[in-house]
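Undergrad: Quick one: structure below, then a few questions.
Please treat every number below as a calculation from the coordinates, not as lab data. None of the values given here were measured: they were computed from a predicted structure. Quick reminder, even Gly has a Cβ in these numbers, built from the backbone with ideal geometry, and neighbours come from all protein chains shown.
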Amino acid sequence: MKTKETVLKKFGTFGGVFTPTLLTILGVIMYLRLGWVVGNAGLLGAWIIILVSFLITLTTALSMSAITTNIRIGAGGAYAIVSQALGLEVGGSLGIPRYISQGLAVTMYIFGFREGWLGIFPNHSPFLVDVIVFLALFGIAYYSANLAIKTQYIIIVIIVLSFISIVFAAYEGSMVNSTSEVLRFGNFKGSPENDFSGSNFWIVFAVFFPAATGIMAGANMSGELKDPKKSIPVGTLWAIGVSFIIYMLLAFWIARSATESELISNYYVIVEKAYVGPLILAGILGATFSSALASIVGSSRILYAMGEHKVLPYSKFLAGTSANGQPRNAMIITGILIFATMLLRNINAVAPLVTLFFLITYAMINIVVIIEQNLGLISYRPIFKIPRWVPWAGLISSIFAMFIINPSVSLLSLMIVFVVYWYLSRQNLETPFEDVRSGLFVSFAEWAAKHTWGMKKMQQRAWKPNLMVPVRDINGVKGIFPFLRNIAKPKGSIKLLGIEPFSEKSTLANQLEALSESFRTKGVFSSWTVIHTDEFTKGINYGSQALQGAFFKPNIIFLNLQEHDDYEQELRPIIKESIRLETGVLLYVAHPTALLGQRNTINVWISDRRDNWSLGWDIGNLDLSMLIAYKLKLNWDAKIRLITVINDPKEEENAKKFLHSLINLARLPQTLTEVYVGSFKEIVEQAPIADLNIFGMEENLSFHFVKEMTYKTNSSCLFVKDSGHESILA
């Protein structure tokens, strides 16, 4: 049995890219609106409009050529390009509206064909003409892309014959206007629809510009090209060059062949001035038919590609193919969409969306190239190289053209793209290929690191809890999973540092990976690593020392005191080294029965400041305690109680003022305060109960004091040592 790869017909540059692109550009606007453009803008004005329009598409074509020679582009054309660069969410936000707009374009081309047909046979039923053309288009495209390409060869012959008719007309003397009578600069008198009440340069530009679009017609066939890296740049650029010359020469001919009044009032002036008028009509029919055919084939490939990448519901069905590799299911859905829009009978209201989605696509492709060029990644080494200004020119001109054509619909188009992106970003799409987003994020991170390196000691306003959690017993960490998450959430991070002797049978790495994924699922970024060592303490300290050279290093080491831990030999050296390295320390001691209780109240104990109750930027070993308490308050929806115990009753008023001032400057609303006079150890037993008690920590914190506080408060306790780089007042 033959595989899909052996049966699927692949196309070369001429048939797969050049022909569909050229025929899409040489559309109905060329035959029925170019004369009107010349009549309003004059020959020189028309040439400027043609030049500007083609420059916009040329810059995008150059950008597309660069990016397609740097990646293995699959099916879907521009959708595939953007997806591989910026991910499926961005690619899909562009691909879905573009697919729909391309379906609408098919309907517009069918309507254009109908108008040309009725110009020849005015008594025929308009709806019947539409249906017959639709069935012919769908039948050709559904059978195979190969038949569609062969059909376009016939159409290009018809269009060439129409040009020959124009050449004969010129040879036979149609260019009767003398040089002085040629309309060099137009008067912008308007059109029959507005009773010749006037127009301007940009209105005329907006009418003509859709003629220059269509450079994606060949790229849409990317999945069925023999060599897309070669065919897309060569075929697209040749099609642009040939069509540009045709438009410029045709504008010159019609300017010399008709008067201003003929040009602005008669849309069929080219038909009348040609040597054989019916050949022009045949060219109109051929141009609209070929554009519709290229669009229906291309749009079905976009839908098929999105189905392959599981961007849409029922993706498995959309990605289904026939025995010869044709995306039949996507073609059926596309046919239904086109027929449904045909029933509207008038899609003028949504017609601008078609052009504007093309322009959004152009802008996005230029953005992709700009990002790739500026990231400086070694992976960006396109065979087709372009100067850095080219994608910028393409991006700016595309956006400019959008808002010249229709500002309000442009904003609507952008809103649709953003809404689709928002939807797709919530679908957890799995990208089957590597994109440049990681490089983009890393570059931003490097930029930020380099620009803030000199102010590393002054990042108190940007402080976030970035915890390093040593792990040798995975169950111990699982038991405090919610507590760790509530300290770090939403913007902090947790680095799990596994410590164990080397063993090929160890499962710690897999367990840490699963736990880290659980943190990320719960909204906290987490990473993990394992250090193989026989000495728990040295493993942690060496890890902390190694991370001192990193910009994004942990700023807190979290120690979970368990029954099997040797406090004096293992934990005390870690605390001592962390203090030396200016890393914050949290020592958590869980109460054996109370655990974290109902998570309603947090007591923060503030030491006696004796004769120093002034409140400056340095408030001692209190900043980290307050910051952690505040994080837990938010995530637990709890209340904070500040408690201080003093020996001298005369200091009571000063202590109360200090606490209230601290609450005010630290911006801690609804915080309770308690000031006690007496012995600290006695007061601890009498103090209001809380679910967690937070105490300051000295370098020589004794194990006896740790256990005593847990017993006396009848709660879990957290002992805290600042790094010196936090500030609750910042």
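Undergrad: For a label point 7 angstrom out from the Cα of Glu653 toward its Cβ, which stretches of the stretch 674-700 have the backbone nitrogen within less than 18 Å?
TA: 675-677
Undergrad: What lysines sit close enough to Lys656 to cross-link, taking a C-alpha to C-alpha distance under 20 Å and skipping anything fewer than 8 places away on the same chain?
TA: Once the sequence-local lysines are set aside, what remains near Lys656 is Lys639.
Undergrad: Treating the beta-carbon of each Lys and Arg as +1 and of each Asp and Glu as -1, no other charges, what is the dipole magnitude of the chain about its Cα centre, to the nearest 20 debye?
TA: 1300 debye
Undergrad: Compute the long axis of helix 328-342 from its Cα atoms, compare it with the longest principal axis of the Cα atoms of the chain, and write down the angle in degrees, 0 to 90, nearest 10.
TA: On a 0 to 90 degree scale, this one is about 70.
Undergrad: Same structure, new question: Tell me the Kirkwood hydrodynamic radius of the stretch 4-425 in angstroms, computed as one over the mean inverse distance between distinct C-alpha pairs.
TA: Evaluated over the stretch 4-425, this radius sits at 21.7 Å.
Undergrad: Moving to a separate point now. What is the count of Lys pairs in the stretch 4-425 whose alpha carbons sit under 24 Å apart, if the two are 8 or more places apart or on different chains?
TA: 23
Undergrad: State, to one decimal in nm, how far the label point of Arg184 lies from the label point of Trp422, with both points 7 Å from Cα in the Cβ direction.
TA: 5.4 nm
Undergrad: Another question, then. Give the distance, in whole Å, between the Cα centre of the stretch 654-724 and the Cα centre of the stretch 247-266.
TA: Here the answer is 89 Å between Cα centres.
Undergrad: How much length is gained if the chain between Asn621 and Tyr314 is pulled fully straight, taking 0.36 nm per residue apart and subtracting their Cα-Cα distance, in nm to one decimal?
TA: Extra length available between Asn621 and Tyr314 comes to 104.7 nm.
Undergrad: While we're looking at this one, here's another question. Using 0.36 nm per residue, how much length does the chain from Tyr268 to Glu698 gain when fully extended, once their Cα-Cα distance is taken away?
TA: This chain segment gains 145.6 nm when fully extended.
Undergrad: Right, something else. What pairs in Lys491/Lys721; Lys464/Lys631; Lys633/Lys712; Lys495/Lys522; Lys650/Lys681; Lys464/Lys576 have C-alpha atoms more than 18 Å from each other?
TA: Cα-Cα > 18 Å for Lys491/Lys721; Lys633/Lys712; Lys650/Lys681; Lys464/Lys576; rest within.
Undergrad: Looking at the calculated P(r) for the stretch 149-303, what percent of the C-alpha pair distances fall above 22 Å?
TA: 52 percent
Undergrad: Taking 0.36 nm per intervening residue step and subtracting the Cα-Cα distance, what contour gain separates Asn146 from Leu344 on full extension?
TA: Full extension of this stretch gives 68.2 nm more.
Undergrad: Sticking with this one: Which entry in [x] 1.17; [y] 1.07; [z] 0.99 is this structure's computed Rg/Rh (Cα atoms, Kirkwood Rh)?
TA: Structure-derived value, by its label: [x].
Undergrad: Specify, per residue and in Å³, the volume enclosed by the convex hull of the alpha carbon atoms belonging to the stretch 590-730.
TA: 107 Å³
Undergrad: Each label point is 7 Å from the Cα along the Cα-to-Cβ direction; what then is the distance between the points at Ile245 and Glu193, in nm?
TA: Rounded to a tenth, the inter-label distance reads 3.3 nm.
Undergrad: First select every other residue whose beta carbon is under 10 angstrom from the beta carbon of Gln562; then total the charges, Lys and Arg +1, Asp and Glu -1.
TA: Local net charge: -2.
Undergrad: A follow-up question, please. Among DSSP beta bridges lying fully in the chain, give the percent that are antiparallel, nearest 5.
TA: The antiparallel fraction comes to roughly 10 percent.
Undergrad: Moving to a separate point now. Would you mind calculating the relative contact order of the chain from Cα pairs under 8 angstrom and at least 6 residues apart, reporting the percent as a whole number?
TA: Once divided by the residue count of the chain, the mean separation gives 16 percent.
Undergrad: In nm, to one decimal, how far is the modelled label at Ile404 from the one at Glu568, with both set 7 Å along Cα→Cβ?
TA: Simple spin-label model gives 8.4 nm for this pair.
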